[in-house]
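All remarks here apply to the structure that follows.
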Amino acid sequence: MTESEFCRALRGTVAAARQTVAAGDFVDLAGFDGEVAALCEAITRLPAAAQPAIAAELGALLGELGELAAALTAQNGVEGGTARRRAAQAYVPPKTPE
């Protein structure tokens, strides 16, 4: 797999994660950071002539990651707010009859 193909595959992973989040489900990105690290390592070995093409691929991946980050932030804001309220209510002393 070339570096460009690898980058496109990672974009596919991010797109699938965005669809999962859009459906209201949680996404597991365990290992994704290792894949990105492997791509970055491979890119360092590319000849200078190949750098402009991979730069465009990386820019597209960065855009996809930004959209995923926004979707996760929105999901966390909705889910997190509800969870925080429930957790806070658990520590409210019960009302006593007067």
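Among the numbered conditions (1) touching a helix residue (DSSP H, G or I) at 6+ places or on another chain (Cβ under 9 Å); (2) of a type outside the set (Lys, Arg); (3) under 23 Å from Thr73 (Cβ atoms), tell me where Ala16 comes up short. Of (1) touching a helix residue (DSSP H, G or I) at 6+ places or on another chain (Cβ under 9 Å); (2) of a type outside the set (Lys, Arg); (3) under 23 Å from Thr73 (Cβ atoms), only one is false for Ala16: (1). When you scan the range 31-45, how many residues do you find that are more than 16 Å from Met1 (Cα to Cα) and charged (D, E, K, R)? So the answer is 1.
Need the failing condition index for Phe6 against (1) exposed (fewer than 13 other Cβ atoms within 10 Å of the Cβ); (2) in a helix (DSSP H, G or I); (3) aromatic (Phe, Trp, Tyr), just the number. Answer for Phe6: the failing condition is (1).
Among the residues of the range 1-21, those that are in contact (Cβ under 8 Å) with a residue 12 or more places away in the chain and under 17 Å from Gly34 (Cβ atoms) comprise Glu3, Phe6, Cys7, Leu10, Arg11, Thr13, Val14, Ala17.
I'm trying to understand the selection: among the residues of the range 18-48, which are more than 14 Å from the chain's Cα centre (by Cα) and either surrounded by 10 or more Cβ atoms within 10 Å (Cβ to Cβ) or not small (Gly, Ala, Ser) (or both)? Within the range 18-48, Ala37, Ala38, Leu39, Cys40, Glu41, Ala42, Ile43, Thr44, Arg45, Leu46, Pro47 qualify. The residue pairs whose first member lies in the range 23-34 and is under 18 Å from Glu64 (Cβ atoms), whose second member is part of a helix (DSSP H, G or I), and whose beta carbons are closer than 8 Å, counting only pairs six or more residues apart or on different chains, are Val27/Ala17; Val27/Thr20; Val27/Val21; Val27/Leu72; Leu29/Ala17; Phe32/Leu10; Phe32/Thr13. Looking at Ala83, Ala74, Ala88, Ala50, just one residue is assigned to a helix (DSSP H, G or I) and at pLDDT 90 or above, and that residue is Ala50.
The values are calculated or read from the model by the stated rules, or taken from the named source; none is laboratory data. As the structure is a computational prediction, the values presented were derived from the model and not from experiment. As a convention, Cβ positions derive from the backbone with ideal geometry for all residues, glycine included, and neighbour counts pool all protein chains shown.
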